[in-house]
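Novice: Structure incoming, see below.
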Amino acid sequence: MSEETIYQRLENNGVSRRDFLKLCGTLAGAMGLAVPPLEASGLPDHLLTENKTIHKIARALETKARVPVIWLEFQDCAGCSEALTRSQSPTLIDLVLNTISVEYHETLTAAAGHQTEENKQNIMQQYAGQYVLVVEGSIPMALGGAYCTIGGRSAIEILEEAAAGAAAIISTGNCAAFGGLPKADPNPTDAKGVWELITDKPVVNIPGCPAIPEVFTGTLAHFVIFGALPELDDLNRPVTFYGKTIHDRCLRRPFYEAGKFANSFDDEGAKQGWCLYKLGCKGPTTYNACASIKWDAGLSFPVQSGHPCLGCSEPDFWDGGGFYQGQSAPLNRPAATVVGAAVGAGAVVGAAMAANNAAQKKRAVQASEE
Amino acid sequence: MNWTTFLQFTRGPLFQASLLIFVGGMAYRLVRVVLLGWKGDKAPAKGSKLAGVVKTYLKGFLIFPFVPWVKRTFNRNPIIYLAGGLFHLGLFSAIILGTPHMLVWKSLLGFGWPTLPLPIVDWLSAASIAAMIALLFYRRTNPVLKLISGPAEWLNWLLVFLPMVTGYIMTHHLFFQYEVLFSLHMLSVDVLLIWIPLSRISHFMFYFFSRTIHGVEFGKRGVTP
Ligand code: HEM
Ligand code: HEM
Ligand code: SF4
């Protein structure tokens, strides 16, 4: 990897100054920063003043080298990588991929075996304290980590080694962030999210199943450009993207308020686009940007296309009640036999107390008669 | 522990435990009352017991409460009559005809029913909360009521009030994040479920008992309630 700046690299790839500034505007948008439209239009340099957002971004790209990224996959399905590489916002994703250099990625790297592992070791030494560590997939802790090993080493060992030299860690997807599917009850591998295991490094969670590509790249861009992580909520998620619920921004919300619900997936309500609450929508408690950024270049998102939100950006969403059961329904119902037993127990205790009282009364009456 | 896991606890294991205590406790109360028995009345019946029961319910439960001027409570204290009625009306519209609550019943009973639009339930809930505050105020100021209200009465009020306000605030997305209020709503509901069998809020069951028994007596004696 050369030490050319990001801007030089773009320039060498034939990106004009004007396009470069436009791209800076795109980046600002991706990070959720407010940019006045005039500024975002790619004004000539000399019209930009020092403290303008885009200028700051341009400065950073002009002076900084690409940030090396090491991407580890543990108990995952590579869905987050898939979503990112097949993302429908090519300019944005390209741009971000231009600002970083992915040095190690099990699915994307062409080479394989000991060669890549060696390369990873070199990168970790060369860029100690500088690289961004991206983790996809949960880490199994049961049986000494035996459920997931790469090259004979356990996931936790690999993670701890890579985390030691990382400037920051990004957990992409619900698995890396909160344990995801592998952690679902009964969690046979004792799967854990990264932030439960690595506590001495900043860890950003970008949960989702998969993570929204634009949210991942926006967060990464923020780190590359400002050299710091964005503001996080109490689950370490960037507030810009996870500050509002799906329900807050849902296009079906007026129907919720009016009490108009789809009762099945093919009834009149479903055809009319009514609210999916009764079909199990978890929108009210799910914090993510699906309803605003959407998927496939803003084409649609699950609730828009008629499927209730599953809550995939929340911890333990697999155990958060049936996907098609209303959100307010209790998580577990006591079995009829258990309810019967409770009623029976209450009745028996009641009868025993009554009998005892009756016996006492009888004794008292007898005593007074004697 | 974050709010999401706390919510899962209050919606899951805690709710389940509360529900079992509730049904077990109510069964206990029911058996105790039934086994108290009541003295046989050897006088010959002057009328039909069933007719007495029907009449009692019609008049005492379905008609008279909605015809204020025949109720002594209304004549003595219209505010208490109205506030008490409004409170129960709002309560039932929310917990039976509100969509989230119907889904609770549905998951427990296996069947659901149509619900009211949110704004209607919401206004009735607001009225219900206001009515509860009025009732509390009256309890705090009326000398007789004050005298007969012990800690249990104040707790009755509080433990019913908490689910009402947390539910209301939650619906309006006020002050806190939704799952925080959802957790508190569930927590207060769980506490209420445990409290009901221990307290006079179990009147929702005994009310029908006393009505029925009075109806039987009235019918037998051929008097109009
Ligand atoms: C069919 C069911 C019910 C009937 C027929 C019923 C009837 C009554 C009656 C006649 C009173 C006394 C008069 C008044 O203050 O208005 C009363 C008071 C009260 N009820 Fe109910 N009730 C029922 C269900 C419930 C339920 C389910 C709750 C709570 C979860 C509840 C909470 C209360 C409270 C807190 C009071 C006392 C109000 C005060 O401070 O004066 N009731 N109810
Ligand atoms: C398992 C039991 C219960 C569950 C799961 C539950 C759930 C909910 C949910 C999800 C909402 C908010 C809906 C929204 O955002 O629009 C709500 C609202 C509400 N709940 Fe409950 N609830 C339960 C029991 C109760 C009980 C026992 C009471 C009363 C004593 C109560 C009183 C209310 C009220 C007053 C509202 C506000 C309704 C409105 O303003 O429209 N809930 N509840
Ligand atoms: S579809 Fe889901 S997110 Fe949208 S309004 Fe209904 S409950 Fe809320």
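Novice: Given the criterion assigned to a helix (DSSP H, G or I) and open to solvent by less than 30 Å² (accessible area, probe 1.4 Å), identify the matching residue among A:ILE156, A:ILE169, A:ILE139.
Specialist: Details: A:ILE169 fails: assigned to a helix (DSSP H, G or I); A:ILE139 fails: assigned to a helix (DSSP H, G or I).
Checking each option against the conditions leaves just A:ILE156.
Novice: Just checking, how many residues over region A:62-79 are surrounded by fewer than 20 Cβ atoms within 10 Å (Cβ to Cβ) and farther than 29 Å from A:PRO182 by Cβ?
Specialist: Adding up the residues that qualify gives 4.
Novice: Same structure again: How many residues, within region A:226-276, are more than 9 Å from chain B (Cβ to nearest Cβ), within 9 Å of ligand 3 (Cβ to nearest atom) and of a type in the set (Phe, Trp, Tyr)?
Specialist: Number of matching residues: 2.
Novice: Among the residues of region A:352-364, is there at least one that is touching a helix residue (DSSP H, G or I) at 6+ places or on another chain (Cβ under 7 Å) and facing chain B (nearest Cβ under 9 Å)?
Specialist: Within region A:352-364, the subset touching a helix residue (DSSP H, G or I) at 6+ places or on another chain (Cβ under 7 Å) is A:353-354.
From what is left, the residues that are facing chain B (nearest Cβ under 9 Å) are A:353-354.
Yes: one or more hits.
Novice: Can you pull out every residue in region B:94-137 that is among the aliphatic types (A, V, I, L, M), away from chain A (no Cβ under 12 Å) and away from ligand 1 (no atom under 13 Å from the Cβ)?
Specialist: Passing the criteria: B:LEU124, B:ALA126, B:ALA127, B:ALA130.
Novice: Take the residues of region B:12-27 that are without any contact (Cβ under 8 Å) to a residue 40 or more places away in the chain and closer than 10 Å to A:ASN332 by Cα: which is most open to solvent (accessible area, probe 1.4 Å)?
Specialist: B:PRO13
Novice: Take the conditions at pLDDT below 85 and within 13 Å of ligand 3 (Cβ to nearest atom) and apply them to A:GLY326. Does it pass? It would help to see each step written out before you state the result.
Specialist: Details: at pLDDT below 85: yes; within 13 Å of ligand 3 (Cβ to nearest atom): yes.
For A:GLY326, the condition - at pLDDT below 85 and within 13 Å of ligand 3 (Cβ to nearest atom) - is met.
Novice: Next question, about the same structure. Any residue in region B:1-18 that is in contact with an Asp or Glu (Cβ under 7 Å, 6 or more places away or on another chain), at pLDDT below 85 and part of a loop (DSSP other than H, G, I, E, B)?
Specialist: Yes, region B:1-18 contains a residue that is in contact with an Asp or Glu (Cβ under 7 Å, 6 or more places away or on another chain), at pLDDT below 85 and part of a loop (DSSP other than H, G, I, E, B).
Novice: Can you work out which of the residues in region A:173-199 that are touching a residue at least 12 places away in the same chain (Cβ under 8 Å) and part of a loop (DSSP other than H, G, I, E, B) is most open to solvent (accessible area, probe 1.4 Å)?
Specialist: A:ASP185
Novice: On the given criteria, is A:CYS290 near ligand 3 (Cβ under 9 Å from one of its atoms) and more than 9 Å from chain B (Cβ to nearest Cβ)?
Specialist: no
Novice: Name every residue in region B:125-152 that is open to solvent by less than 50 Å² (accessible area, probe 1.4 Å) and either without any contact (Cβ under 8 Å) to a residue 40 or more places away in the chain or within 16 Å of ligand 3 (Cβ to nearest atom) (or both), in order of residue number.
Specialist: B:ILE129, B:LEU136, B:ASN142, B:LEU145, B:SER149, B:GLY150
Novice: Another one. Just wondering, is there one or more residues in region A:277-286 that are more than 14 Å from every other protein chain (Cβ to nearest Cβ) and either more than 16 Å from ligand 1 (Cβ to nearest atom) or of a type in the set (Asp, Glu) (or both)?
Specialist: Checking region A:277-286: not a single residue is more than 14 Å from every other protein chain (Cβ to nearest Cβ) and either more than 16 Å from ligand 1 (Cβ to nearest atom) or of a type in the set (Asp, Glu) (or both).
Novice: Looking only at region A:244-272, which residues are away from ligand 2 (no atom under 16 Å from the Cβ) and exposed (fewer than 15 other Cβ atoms within 10 Å of the Cβ)?
Specialist: A:LEU251, A:ASN263, A:SER264, A:PHE265, A:ASP266, A:ASP267, A:GLU268, A:LYS271, A:GLN272 - these are the residues of region A:244-272 that are away from ligand 2 (no atom under 16 Å from the Cβ) and exposed (fewer than 15 other Cβ atoms within 10 Å of the Cβ).
Novice: Just for region A:296-355: of the residues that are among the charged types (D, E, K, R) and within 16 Å of ligand 2 (Cβ to nearest atom), which one is farthest from the chain's Cα centre (by Cα)? Outline the logic, then answer.
Specialist: Step one: list which residues in region A:296-355 are among the charged types (D, E, K, R), which gives A:296, A:314, A:316, A:319, A:333.
Those still in the list that are within 16 Å of ligand 2 (Cβ to nearest atom) too: A:314, A:333.
Values: A:GLU314: 7, A:ARG333: 29 Å.
Applying the filter and picking the extreme gives A:ARG333.
The values are calculated or read from the model by the stated rules, or taken from the named source; none is laboratory data. For clarity, every value in this text was computed on a predicted model and none was experimentally measured. Ideal geometry is used to build each Cβ from the backbone, glycine not excepted, and the neighbour counts take in all protein chains shown. For the accessible areas, the whole protein counts, side chains as well, though only heavy atoms, and no ligand, DNA or RNA atoms are used. Shrake-Rupley method; radii C 1.70, N 1.55, O 1.52, S 1.80 Å.
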